[in-house]
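The next block holds one structure in the form of structure tokens; read it before the comments.
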Amino acid sequence: MTIPVKVRFAPSPTGYLHIGGVRTALFNWLFARSMGGKFVLRIEDTDVSRSTEESIQEIISAMKWLGLDWDEGPYRQMERRELYDRAVEKLLAEKKAYRCYCSAEMLDAKRKEALERKAKPKYDGTCRNLASAPDGTPFVVRFKVPAEGKVTVKDLLRGNVTFDNEELDDFIVQRTDGTPTYNFVVVVDDAEMEITHVIRGDDHLSNTPRQALMYDALGYPRPQFAHISMILGTDKARLSKRHGATSTLAYRDMGYLPDALINYLARLGWSHGDQEIFTRDEMVQFFNFDSVSVSAAVFNPEKLLWLNHQYIQNASLETLTTLLESLLIHEKVLPDNHGKTQEEIARPIPILKERSQTIKEMAEKADFYFREEIEIDEKAGKKFLTETAKPLLLELSSGLQDLNEITEATLEKLFKEIVEKADIKLGKLAQPVRVALTGNTASPGIYDVVLLLGKERTLKRLSDAIKFSPSNA
RNA sequence: GGCCCCAUCGUCUAGCGGUUAGGACACCGGCCUCUCACGCCGGUAACGGGAGUUCGAUUCUCCCUGGGGUCACCA
């Protein structure tokens, strides 16, 4: 009989949910799902001045977008105050914590001074054994850390990690304003929620001995810990705003598929042989800590792009249509109230998807199709809509008018005839036509473009192109 | 600086004492070709250094070096 697994993701709502946070959430989610356990979402908002409702909503939308569903929560710590207050009273009553009357200013000064002496900045224990309490002075509550001895933290990924108690100081459990602090609430909550495995970034490893001591003091059993590695930027520094878009929802707006992002993040620090692409079910099925790596991983945007391309190729037309529509609006190719049917939105997708790494790119490439009036790239027009090319366009135009059925085969026949008659290579015709129809020198195959635009729009653009003259020639 | 963690191609990684050190992204060639892509074929590229243990170390141990994290009335 084993205890069912219960894990949590506990972000602090002091900014948007970044990629590193998502990966922590993902590993928790994967572990919960693979073990048939529960996944809890808990908002750590005890820092009242920095927490925002906006961040909470952002975190929730990002989790939903990525399909990381939770079984309990979102809990908010500021709604659980009684729980922490009771635990503080208990620590105080059992003399495992004490009131400290030192002012923040005084402590800052001492810390600064210690740093200058190159000594360890550590609380000096002034109030640890105070005989009588000064009247009416504001106080914090500090946890009494044993002066000597060691704490050993058991970590699923790193084995036993031992810290000297001497390295730890009497950390604050409750602030002057009565709000509790992280190293304390995290323990109370994880214990009360019966979290069995604490899976988090390894930036928390150095906090763990304090928390381990807190579990012991409160009489709670310690959970299993698993500290996963951090994600670094290309410069090997921890991923931050400097490394471009770190807001998870920004990836949605850039046209990434949630499954692709999830797959990429899962492979960052986890592997299953040589496999690169996993369905969610496969990830859940294969996930385990034995194949999680402990060293930090550099975030590689190119590989994410490649994966996204793979996912685009395999996504259903329906999925792509929905995504493309929102990106077309987001990129202002179409207005909100465009009135287009799903079929119309879907039409260019088959010829665009193999050359799109993101849906945003797809939207940009679809521009020539969705806009009534195209803008001819100045350089492209100058180079290809020349006086020698225009007669060819004219000829194509009249040939097209005579075609009663436009198919790839009839188009190819028409193009070949014109090319043979003029004794030129296909490219000499195709490029000017391409510029005329799309405004650019790069596009899907020219027959596909004509087929997509249809006879009327093709003829219109051809005649516009024949009238084209470079403005700054 | 103290403490803690980490170390295979540029990047993500496989490897769990004996391998021509494998795969993927990126990069470089070639093929395909109406442009751009896709695709296909091929190539360059790694065990940070030094001591041990062992018949044998990428693999185990220690040291060095390097990188990262952390030292708040932030989480």
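The values are calculated or read from the model by the stated rules, or taken from the named source; none is laboratory data. Source: prediction; values computed, not measured. Reconstructed Cβ throughout: ideal geometry from the backbone, glycine too, with neighbour counts over all protein chains shown. Quick note on the areas: whole protein, heavy atoms, side chains included, nothing else; ligands and nucleic acids left out. Shrake-Rupley method; radii C 1.70, N 1.55, O 1.52, S 1.80 Å.
Things worth noting here:
- The set of residues in region A:388-415 that are part of a helix (DSSP H, G or I), within 15 Å of RNA strand B (Cβ to nearest atom) and open to solvent by less than 80 Å² (accessible area, probe 1.4 Å) comprises A:Leu392, A:Leu393, A:Leu396, A:Ala409, A:Thr410, A:Leu411, A:Glu412, A:Leu414, A:Phe415.
- The one condition from (1) more than 8 Å from RNA strand B (Cβ to nearest atom); (2) open to solvent by less than 60 Å² (accessible area, probe 1.4 Å); (3) modelled with pLDDT of 95 or more that A:Gly233 does not meet is (3).
- Pair list, Cβ < 7 Å and 6+ apart or interchain, from region A:50-61 residues that are of a type in the set (A, V, I, L, M) to residues that are not in a helix (DSSP H, G or I): A:Ile56/A:Pro13; A:Ile56/A:Ile43; A:Ile59/A:Pro11; A:Ile59/A:Pro13; A:Ile59/A:Leu17; A:Ile60/A:Pro74
- A:Met214 passes every criterion in (1) farther than 30 Å from A:Leu328 by Cβ; (2) near RNA strand B (Cβ under 10 Å from one of its atoms) apart from (2).
- Residue match in region A:309-331 (condition: surrounded by 17 or more Cβ atoms within 10 Å (Cβ to Cβ) and within 18 Å of A:Val22 (Cβ to Cβ)): yes
- Residue in region A:159-177 that is farthest from RNA strand B (Cβ to nearest atom), counting only those that are open to solvent by 20 Å² or more (accessible area, probe 1.4 Å) and β-branched (Val, Ile, Thr): A:Thr162
- Taken as a whole, the condition of being basic (Lys, Arg), part of a helix (DSSP H, G or I) and closer than 18 Å to A:Thr196 by Cβ applies to A:Arg33.
- Taking every residue in region A:333-350 that is assigned to a helix (DSSP H, G or I) and small (Gly, Ala, Ser) and pairing it with any residue that is open to solvent by less than 20 Å² (accessible area, probe 1.4 Å) and at pLDDT 95 or above, at least 6 positions away or on another chain, the pairs with Cβ-Cβ distances below 6 Å are A:Ala346/A:Thr321.
- Odd one out for A:Ala260, checked against (1) away from RNA strand B (no atom under 12 Å from the Cβ); (2) at pLDDT below 95; (3) not in a loop (DSSP other than H, G, I, E, B): (2)
- Residue check, A:Gly454 more than 21 Å from A:Pro348 (Cβ to Cβ), part of a helix (DSSP H, G or I) and among the small types (Gly, Ala, Ser): no
Quick grid of which residues meet (1) polar (S, T, N, Q); (2) touching a residue at least 24 places away in the same chain (Cβ under 8 Å); (3) crowded, with 16+ Cβ neighbours inside 10 Å; (4) more than 29 Å from A:Leu317 (Cβ to Cβ):
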position: A:Phe225; (1), (2), (3), (4): no, yes, yes, yes
position: A:Arg242; (1), (2), (3), (4): no, no, no, yes
position: A:Pro258; (1), (2), (3), (4): no, yes, yes, no
position: A:Ile262; (1), (2), (3), (4): no, yes, yes, no
position: A:Gln275; (1), (2), (3), (4): yes, no, no, no
position: A:Thr279; (1), (2), (3), (4): yes, no, no, no
position: A:Ser295; (1), (2), (3), (4): yes, yes, no, yes
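- Count of residues meeting criterion [under 11 Å from A:Val187 (Cβ atoms) and of a type outside the set (Ser, Thr, Tyr)] in region A:220-245: 2
- The residues of region A:263-296 that are in contact with a helix residue (DSSP H, G or I) (Cβ under 7 Å, 6 or more places away or on another chain) and near RNA strand B (Cβ under 9 Å from one of its atoms), listed by number, are A:Tyr264, A:Leu268, A:Trp270, A:Ser271, A:His272, A:Glu276, A:Ile277.
- Of all the residues in region A:8-55, those that are more than 16 Å from RNA strand B (Cβ to nearest atom) and either within 26 Å of A:Asn288 (Cβ to Cβ) or touching a Gly at 6+ places or on another chain (Cβ under 7 Å) (or both) number 10.
- Given (1) modelled with pLDDT of 85 or more; (2) open to solvent by 80 Å² or more (accessible area, probe 1.4 Å); (3) part of a loop (DSSP other than H, G, I, E, B), index of the condition A:Glu105 fails: (3)
- The one condition from (1) at negative phi; (2) free of Cβ contacts under 8 Å to residues at least 24 places away in the same chain that A:Ile374 does not meet is (2).
- Members of region A:178-198 found to be open to solvent by 10 Å² or more (accessible area, probe 1.4 Å), within 12 Å of RNA strand B (Cβ to nearest atom) and in contact with a strand residue (DSSP E or B) (Cβ under 9 Å, 6 or more places away or on another chain), listed by number: A:Thr181, A:Asn183
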